[in-house]
Every structure is written in structure tokens, then in C-alpha cells.
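What follows draws every value from the coordinates through simple rules; no lab data is involved. It should be emphasised that the depicted structure is a prediction, and the values quoted were computed from it without experimental measurement. Please note: Cβ atoms are built from the backbone with ideal geometry, for glycine as well, and neighbour counts cover all protein chains shown.
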Amino acid sequence: MTSYHFYNILKKIIMLAMLCIMAGCATTQTTDNYAKDDTLEPANRVFFDLNETIDQALIKPIAEVYVDVAPNFLRTGITNFFENLAYLNVILNDLLQGKINQGLSDAARFVANSTIGIGGLFDVATSMGLPEHDEDFGQTLAVWGVDEGSYLYIPFFGPNTVRGSTDFVPKTLLNPFYYISSAILFPITAINAVNKRANLLEASNIRDEAAVDPYSFTREAYLQQREYLIHDGNPPVTGYDDVFNVDDDGSGVLKIE
Amino acid sequence: MLQKIRKMMLEKKYFQSTMLFLCLAFCALTSHAGNKQEQIIQEPINQLHEALINVMVISNSTNFEERYKYLEPVIEKNFDINLISKVVLSRYWKSIDEETKIKFIGIFKKLTISTYVSRFNSYNNQIFKNISIDQLKENRFLVKTEFKKSDKNPISFNYIVQKSNEKWRIISVIANGINDLSLKRAEYAAIIKNDGFNALISKLEQKIDNSQTN
């Protein structure tokens, strides 16, 4: 990539960051503590229902057939391949968050998997002591102090937030497949989508079994998972029991006792 | 003169040794007392984990009802279901009558037990491992543990335990960063708001029936 292209990408990221900050400032806060991030709930629910309908009718059945016919090693290879392609975005966001050691480790991971791992098909880096990390531009903005903004349910892409959706640009521009012709890009994207859906079958089945309101379940699980990732799996101890501080009349005594 | 000085030095050494011994003894005692308190706080979680391992081990040779009956007293003893029910309904708790509260607590308890029985339904050498304990408030602690499956990354299972009526019980479970109580509270609030409280009860009863087929 030439320095001109890199400068262009950086400019777009900074512009998006500014838009994000403005969006965060403009978000309306409600007094409902557990739905405060879902100011677009009516529209989100429409998109959620649309997604669920298409998923149940088309994508999930295809993913189930794929799981039945594709051997595990093939599915693992495809997962590794696409995750490796997306890893440049992880490295960028390591560095933007000041995680220099992690950035170097992830860069080495990318090189190892791309070379010894034959184009990312095999995850050799983990056994070399280079673990996988999960970073994106939404997490970077969180580390920089940008407000999350409203929860969004984006058709075909699923749950997100105003802040998190900014990752779309760097993730796309840093993926080498973005620069190849659409004749190859579309089928590759379709394979990636089916493989990802197959990997999420167990999670979606658990949700279908457990959830009494799948929309709220998905939203809450997504938002909490994002907090978990932002803190690299180790959120601060304070805040763990915030759920007990809402609508608390302080008595802690049930009248039926 | 020299003898006096020698005597004073010996007394000083004796005094220092005694003080050091007393300090070490004090540290050992407080550490032991601290460890003992940690064990008491962790006890409901240890009992739950032991029961979950057992219920997985017996899953091949028992049916859902048998595993439910096995787990029921463990959940009743180690979870503060009354408090959890109150928190999960949050602002709506005050708007329902006593009879409905009792009904809801009964259904919520059944759902909790049924969910554990259906989720922990096969054994493959899984283990639970205690990690740490952190104090959140007076009489409220966060206990961090891990659930390890043989071929996958461990899942973090963190518990909030609280002391009430001289007993430590679990009041919240956080699995891989997702607080089950927050999740349910958001869901139940959405259903009550859109469809009413009776609709929530119906959906919960349906979930209980569905879990018995897993």
C-alpha cells in the first residue's frame, strides 16, 4: 500500500472518529437505565424481525447443511483463513490503543499464520505462544473515551452501536479482498457468511432456547459482550453489581417474608 | 560494665525476637481468619459446582426429572431466589400483588433449575476452577471462577454472593462477561411493557416445558 493510500485511510478514520464523537454527544439519553442505549428501538426491532425471517428461511438452513457436509478440518481452515485476512485490523487497533507489545505479538501472529500457516489456513501461531486477540475500531474509540452512542440493529450485519459501526471502514479497507474484482469478492463473501453463520449455530440455538424476548436478549448480550472485550476480558470490579443499584428502594427486604 | 552491656544486648535481642514471633503469629492468625472467611463466602459456589459436575456425570443414566430433583435443593439453598426475582422485575415488582409475587418466584425458581439441568447435560471431564474473590460492598463479594472444557477455551463464571440472614448466597451469575440478571431484567421489562405481566408468565412456563426436551 502506498503512503498516499495509507494517508487517505487514516484521514477517513479520523473523519469517522469525529462523526462518532458528534453522534455520541447528540444521542438522547432516556431515564430507562437498561434501555438507555436503544433510542432507535422501533426501527431496530423491524430490522431484527426482518433479519430473523431471512435467517430462519434461508441462511440458517444453508449453514446447517454446510455443517452436515463439510468436514471439521475444512470448516476450521476456512475460519482460520478469513480470520487471518481480517487480522491487519486487529494489529492497527492494538497500536491505536497503545498496546504496543500486543501489536507486535499480533503482527508476528499474522506473519506466522500467513507463511507457515499457508495463507492463514492453519493457525500455527497459537502453539507458538502468539495468542489470538480481538480488537476493532469500536473498542479503540471506547479506549479513547468516545461514548457508545445508540444501539443499532443493522440488516444482514446484526447488532452494533454507533461507535462500533465505525469499524466497518478500516476493517474493509485493510482486508486484501477489498481490492480484488467483485466477480471473486462476492462468492468469497458468501462462503465467509455461511461459515460464520455455521460457527454461530450453537450460540443462536442457546439464545432461541433461553430467550423470552430474543430482541432484548440479543441487544443486552451484545452490549455486555462489547464491554467485556473493551476491557480484554477483565472488566473492573466496580460496576459488577450495578444491576442492584437501579430501582433500589434501599430496603432489601421483601414484603412477603 | 561490659557484662551490663552484654546483658542489655541479650535482652534487646530477646525483645526483638519476641516481637517478631508475635508479629508472625498475628499475620498467620489473620491470614487463617481471612482464608476461613473466603471459604465461607465460596461455599455456595463450591456446592453448586460440585452438584453441576455430578449432574453432568449422571446425565446418561438419568432423565430430566431425576436430574431436576437432584439439583433443586442445591439451587434453593445456594441462590437467593427471592431477591433475584425482585431485582429481575425491578420497577414492576412494586406493581404486582403478593399472590402474584409468590407465583412469579415459584416459576422463576423452576426456570432457573430447568435451565441448569438442560445446559449441563453431558460430561466430558469438565472442571470448575476458583480464581479470586473481590469485595464489592459490605456483605457482597465477587467470586471469579472458570469452567474448563477439554477442547475449548475456558469460560469465565463469576458470581456475586451476598450475606443475608447470616447466610451467604448467590445473587447473580456472569458468564463470559454477560450478566444473566441484567439480561433477564431487560427481556422481562420489554415483555411486560409490550404484552403485560400475564404474557411474561406464559412465556416463562413455556420455556420450562421446552427445557425438559433438551
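Listed values, structure above:
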| item | result |
| --- | --- |
| Among B:GLY106, A:SER114, A:LEU174 - extreme Cα towards positive end, dipole of the protein assembly as shown, charges at beta-carbon | A:SER114 |
| Shielding by other protein chains, B:168-180, mean Cβ within 10 Å | 4 |
| Dimensionless Rg ratio for region B:78-151, taking C-alpha atoms and the 2.2 N^0.38 Å reference | 1.47 |
| Order of B:ILE208, A:ILE184 under a 10 Å beta carbon neighbour criterion, fewest first | A:ILE184, B:ILE208 |
| Largest-first ellipsoid semi-axes for chain B, taking √(5λ) over the Cα gyration tensor eigenvalues, angstrom | 49, 22, 14 |
| Cβ charges +1 (Lys, Arg) and -1 (Asp, Glu), total dipole of region B:1-158, debye | 820 |
| Relative contact order (percent, whole number), region A:94-156, Cα cutoff 8 Å, 6+ residue spacing | 27 |
| Measure of compaction for the protein assembly as shown (Cα Rg per 2.2 N^0.38 Å) | 1.18 |
| Within region B:140-158: backbone nitrogen closer than 18 Å to the B:TYR123 label point (7 Å, Cα to C-beta) | B:147-151 |
| Under the Karplus curve 6.51 cos²θ - 1.76 cosθ + 1.60, θ = phi - 60°, whole-Hz ³J(HN,Hα) for region B:105-114, x wherever Gly or Pro sits | 4, x, 5, 5, 5, 4, 4, 4, 5, 4 |
| Region B:127-199: equivalent-ellipsoid semi-axes (sqrt of 5 x gyration tensor eigenvalues, Cα, Å) | 27, 20, 9 |
| Potential extension, B:ASN35-B:ASN194 segment - 0.36 nm per residue separation minus Cα distance | 52.4 nm |
| Scattering curve values for region A:113-230, log₁₀ I(q)/I(0), Debye with Cα scatterers, q = 0.11, 0.13, 0.17 Å⁻¹ | -0.51, -0.72, -1.19 |
| Burial order of peptide ranges A:63-69, A:158-164, A:132-138, B:65-71 (average beta-carbon count within 10 Å, highest first) | A:158-164, A:132-138, B:65-71, A:63-69 |
| Whole-number D in µm²/s for region A:200-242 (Stokes-Einstein; Kirkwood sum over Cα pairs; 10 °C, 1.306 mPa s) | 136 |
| Estimated dipole of the protein assembly as shown in Debye, rounded to 20 [Cβ of Lys and Arg +1, of Asp and Glu -1, Cα centre] | 1620 |
| Estimated [θ] at 222 nm from DSSP helical runs (n ≥ 4, -39500 (n - 2.57)) normalised by residues in the protein assembly as shown, nearest 500 | -19500 deg cm²/dmol |
| Of B:LYS94/B:LYS207; B:LYS110/B:LYS203; B:LYS129/B:LYS152; A:LYS171/B:LYS184; B:LYS86/B:LYS110; B:LYS36/B:LYS167, pairs whose Cα-Cα distance is over 21 Å | B:LYS94/B:LYS207; A:LYS171/B:LYS184 |
| Two-site FRET efficiency, A:PHE156 against B:PHE15, from Cβ-Cβ distance with R₀ of 60 Å, rounded to 0.05 | 0.15 |
| Per-residue average of Cβ from other chains inside 10 Å of A:212-224 | 6 |
| B:ASN165/B:THR213 FRET efficiency (R0 45 Å; Cβ-Cβ; nearest 0.05) | 0.75 |
| Considering only chain B, percent of DSSP beta bridges that pair antiparallel, nearest 5 | 95 |
| Ranked A:VAL46, B:VAL143, criterion: other C-beta atoms within 10 Å, fewest first | A:VAL46, B:VAL143 |
| Within 10 Å of each Cβ in B:189-198, the average number of Cβ atoms from other chains | 3 |
| Per-residue Cβ neighbour rank within 10 angstrom, fewest leading, A:ASP213, B:ASP97 | B:ASP97, A:ASP213 |
| Karplus 3J(HN,Hα) series, Hz, for region B:115-131 with 6.51 cos²θ - 1.76 cosθ + 1.60 (x for Gly, Pro) | 5, 5, 4, 6, 6, 9, 10, 7, 10, 9, 6, 6, 9, 9, 10, 6, 10 |
| Cα-projected label distance for B:LEU22 with B:ASN176, points at 7 Å along beta-carbon direction, nm | 5.5 |
